[in-house]
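Written below as structure tokens is the structure these notes are about.
The values are calculated or read from the model by the stated rules, or taken from the named source; none is laboratory data. Fair warning: this is a prediction, and the values are worked out from it, not measured in the lab. Note: ideal-geometry Cβ built from the backbone for every residue, glycine included; neighbour counts use all protein chains shown. To get the accessible areas, we keep the full protein, side chains included, count just its heavy atoms, and leave off ligands, DNA and RNA. Shrake-Rupley method; radii C 1.70, N 1.55, O 1.52, S 1.80 Å.
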Amino acid sequence: MRMLTIHADFIEFEPLTKALRSAPDAEQKQERYEECLVAFCSVEKSDEGKEEAVALKAAEEIDRVAQQVKPARIVIYPFVHLSSSPSSPSSAIKVLNSLEPAVRARGYETHVSPFGWYKRFTISCKGHPLSELSQMVSA
Ligand code: A3G
């Protein structure tokens, strides 16, 4: 999985149209989270078959960053565009569905933006040295 974490003053997003016919329905209203660590996640072909293990590794990485930047909450954001070799949507949804409870189990308020949608979003990156980090997570 490739992951980009942004420590943000806020993120706002709003699902506009489904990108996948199989995308779960989502409420088409804007959500906004303040003082958050946003984890943009691209699940990759190399993660297929190891979904649970990759999710646990990603939760560990998110926790490691969060211990340093101390956000009030975590927002997991499915984002296929970080990889030139993305996994199938079904594998990606498995990883992301395991990632949310794994992050919550580490004591964080956790939110996930809708999977399989094109979304409008605005993010305000804090701009300190640890506010933008990219990582390769593998199991
Ligand atoms: C967007 N920004 O990315 N990893 C993560 N998300 C995925 C993947 C994958 N391998 N495959 C599909 N939309 N998705 C908009 C989700 C993700 O929400 C993506 C949408 O499906 C269309 O590809």
Q: Look through the stretch 20-44, keep the residues that are under 17 Å from the mean Cα position of the chain (by Cα), over 15 Å from Phe121 (Cα atoms) and open to solvent by 40 Å² or more (accessible area, probe 1.4 Å), and return whichever of them is farthest from the ligand (Cβ to nearest atom).
A: Glu35
Q) Quick check: anything in the stretch 9-16 within 11 Å of the ligand (Cβ to nearest atom), of a type outside the set (Phe, Trp, Tyr), open to solvent by 20 Å² or more (accessible area, probe 1.4 Å) and at pLDDT 95 or above? A) yes
Q: Considering each residue of the stretch 60-101, count those that are of a type outside the set (Asp, Glu), within 16 Å of the ligand (Cβ to nearest atom) and in a helix (DSSP H, G or I), and give that number.
A: 15
(Q) For the stretch 45-78, which positions are more than 23 Å from Lys119 (Cβ to Cβ), touching a residue at least 40 places away in the same chain (Cβ under 8 Å) and among the basic types (Lys, Arg)? (A) Lys45, Lys50, Lys57
Q.
What's the total number of residues in the stretch 103-135 that are more than 14 Å from the ligand (Cβ to nearest atom), touching a residue at least 40 places away in the same chain (Cβ under 8 Å), of a type outside the set (Gly, Ala, Ser) and not in a loop (DSSP other than H, G, I, E, B)?
A. 6
